[in-house]
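**Student:** My questions will all concern the structure given below.
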Amino acid sequence: LANLGVIESEGLLERARETGAYILERLGELRELPVVGEVRGVGMMHAVELVADRESREPLPMDAAPQDVIRRETGVIVRDCQHNLVISPPLIMSREEADEVVEAMRSVLERTDPSGQIEERG
């Protein structure tokens, strides 16, 4: 009950709605990258679908494990769920932290080609 009290008193649900919408908007910018198929989310849970081909929706080969590269290079925690990168950050996440997450994902995905290979950081 104490946790529920904190969530209510600190307005975390409203903050999560606002920040979640902001994250979804920012993640939508990743659609410009060739390996990003769909971006979806609800509240503070979001997924970026990785594809080898947008037309056929053929999944990106995950041999190079982009989620591992994102974690190793940036420290941002993303999970993989089949061919999706998933984030479910805490309700207290700030817009600045949301920007860091999106830029961390971008920094790896923009170096990822449709074969699933990730170019070394230069």
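**Student:** Could you work out the per residue convex hull volume over the alpha carbons of the chain, in cubic angstrom?
**Tutor:** It comes to 105 Å³ per residue, whole-number rounded.
**Student:** Measure off, as a whole percent, the carbon and sulfur share of the 1.4 Å-probe accessible area of segment 69-122, all protein chains present.
**Tutor:** Carbon-and-sulfur percentage of accessible area, whole number: 49.
**Student:** If you don't mind, another one. Solvent-accessible area per residue for the chain at a 1.4 Å probe radius, Å²?
**Tutor:** It amounts to 58 Å² per residue over the chain.
**Student:** Put +1 on the Cβ of every Lys and Arg and -1 on every Asp and Glu Cβ in segment 3-122; which of 44, 77, 67 then has its Cα farthest towards the positive end of the dipole?
**Tutor:** Highest projection toward the positive end goes to 44.
**Student:** Which one of 24, 109, 33 has the biggest mean-square fluctuation once the chain is modelled by GNM with Cα springs under 10 Å?
**Tutor:** Most flexible of the set in this elastic network: 33.
**Student:** May I pose another question? List the residues whose amide H sits under 5 Å from the amide H of residue 51, counting only those 5 or more places along or on another chain, with H placed 1.01 Å from N in the peptide plane.
**Tutor:** Counting only residues 5 or more places away or on other chains, the set is 36, 37, 60.
**Student:** A follow-up question, please. So what are the ³J(HN,Hα) numbers for segment 85-90, from phi and the Karplus equation (6.51, -1.76, 1.60; θ = phi - 60°), rounded to whole Hz, Gly and Pro as x?
**Tutor:** Result, ordered by residue: 9, 10, 10, 9, x, x Hz.
**Student:** Can you list the equivalent-ellipsoid semi-axes of segment 76-122, largest first and in whole Å, using the square root of 5 times each Cα gyration tensor eigenvalue?
**Tutor:** Taking √(5λ) for each eigenvalue gives 23, 14, 6 Å, largest first.
**Student:** Here's something else I'd like to know. So which GluC sites (Glu not before Pro) in segment 1-88 pass both tests, a DSSP loop state and at most 14 other Cβ atoms within 10 Å of the Cβ?
**Tutor:** 10, 55
The values are calculated or read from the model by the stated rules, or taken from the named source; none is laboratory data. This one's a predicted model, so the numbers in the text were calculated from it and none came from an experiment. Methodologically, a virtual Cβ is constructed for each residue, glycine included, from the backbone with ideal geometry; neighbour enumeration extends over all protein chains shown. Areas reflect the complete protein model, heavy atoms only, side chains present, ligands, DNA and RNA absent. Shrake-Rupley method; radii C 1.70, N 1.55, O 1.52, S 1.80 Å.
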